[in-house]
Amino acid sequence: MFKRVRSWWEKEEQQSSGELSQENIPQHIAIIMDGNGRWAKSLGMPRVIGHQNGMKAVKRATIAADELGVKYLTMYAFSTENWKRPREEVDFLMKLPGEFVATELEELVEKNVQVRLMGDKSVLPSFTLEPLEKAIRDTAHNTGLVLTFAMNYGSRIEITEGVKKMVEAVQNGTMSIEDINPDTFGTVLQSSSLPDPDLLIRTSGELRLSNFMLWQLAYSELWFTPIYWPEFGKEHMIEAVAEYQRRIRRYGGL
């Protein structure tokens, strides 16, 4: 018993000093990048300046996750609901992927990062999609951190489309109803090549999932911070992972 208490105390001391256990780094971190517009407004600047600075936070978070040993990082870049925003803001957001790829692709390649994309690509403008597809091609053989951008992504649509695929498979005779279970359903989702996130980070103080990876986050640890996304840096990634390491994941057991 005393050994167990000492182990717990040492763990608390280690994490309170900013040190992380390399034996318990989350394999997959998902991030809802929230608060760009409010950050800019708080400084008396246009909302688009917040999005511009949010792109810089994407780079910081990617580098931080890679240095910590995270294997997968998924960023909620643009939701299916974001089309409701003012046209000028949407147009600006659609241009950011091209700017990000133009300025950061070379370093992503050097750091062995592999870029992926999930979401409905069919309605994305060519100036948004083509740079992302170039990044995917140019990093396809990289074996390091897998960086996935959720672009025009909505979890309810993803789940609905997955149900349709399963129904079609049953109708075509390639699957029976008895074959449908949580594991097989996961194979028809857009994230089928990714493990479920171990940790979800959301910035700006909002406490909701906003239609992001609802199926995949069933047993993820959730970490919310009041800071706005443009403020996010390595110290916040460490803080989130330290909190993750303090938790005990039971998956419904004891």
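Please treat every number below as a calculation from the coordinates, not as lab data. Note that the structure is predicted; figures quoted are calculated from it, not measured. Cβ coordinates were reconstructed from backbone atoms using ideal geometry, including for glycine residues, and neighbour counts include every protein chain displayed.
So Leu108 fits all but one of (1) assigned to a helix (DSSP H, G or I); (2) under 24 Å from Arg47 (Cα atoms); (3) touching a strand residue (DSSP E or B) at 6+ places or on another chain (Cβ under 8 Å); what number is the exception? In the conditions (1) assigned to a helix (DSSP H, G or I); (2) under 24 Å from Arg47 (Cα atoms); (3) touching a strand residue (DSSP E or B) at 6+ places or on another chain (Cβ under 8 Å), Leu108 misses (2) alone. Among the residues of the stretch 228-239, those identified as crowded, with 18+ Cβ neighbours inside 10 Å and either in contact (Cβ under 8 Å) with a residue 60 or more places away in the chain or of a type in the set (Ser, Thr, Tyr) (or both) are Tyr228, Trp229, Pro230, Phe232, Met237.
State whether the residues of the stretch 204-212 include one that is assigned to a loop (DSSP other than H, G, I, E, B) and among the aromatic types (Phe, Trp, Tyr). I'd like the intermediate steps shown before the answer.
Looking only at the stretch 204-212, we keep the residues that are assigned to a loop (DSSP other than H, G, I, E, B), and these are 204-212.
Filter once more, keeping what is among the aromatic types (Phe, Trp, Tyr): 212.
Yes, the stretch 204-212 contains at least one residue that is assigned to a loop (DSSP other than H, G, I, E, B) and among the aromatic types (Phe, Trp, Tyr).
For beta carbons closer than 6 Å, sequence separation of 6+ or different chains, a first residue in the stretch 30-45 that is under 22 Å from Arg116 (Cβ atoms) and a second that is among the small types (Gly, Ala, Ser) and in a loop (DSSP other than H, G, I, E, B), the qualifying pairs are Asp34/Ser204. A single entry from Lys59, Lys41 fulfils the requirement of being basic (Lys, Arg), outside any loop (DSSP other than H, G, I, E, B) and either touching a Cys at 6+ places or on another chain (Cβ under 7 Å) or under 26 Å from Pro195 (Cβ atoms) (or both): Lys59. One residue stands out among those in the stretch 32-46 that are of a type in the set (A, V, I, L, M, F, W, C) and surrounded by 22 or more Cβ atoms within 10 Å (Cβ to Cβ): the one that is nearest to Gly154 (Cα to Cα), which is Ile32. The lone criterion from (1) part of a helix (DSSP H, G or I); (2) crowded, with 20+ Cβ neighbours inside 10 Å left unmet by Leu194 is number (1).
Of everything in the stretch 64-102 that is among the polar types (S, T, N, Q) and under 18 Å from Gly50 (Cα atoms), the residue that is surrounded by the most Cβ atoms within 10 Å (Cβ to Cβ) is Ser79.
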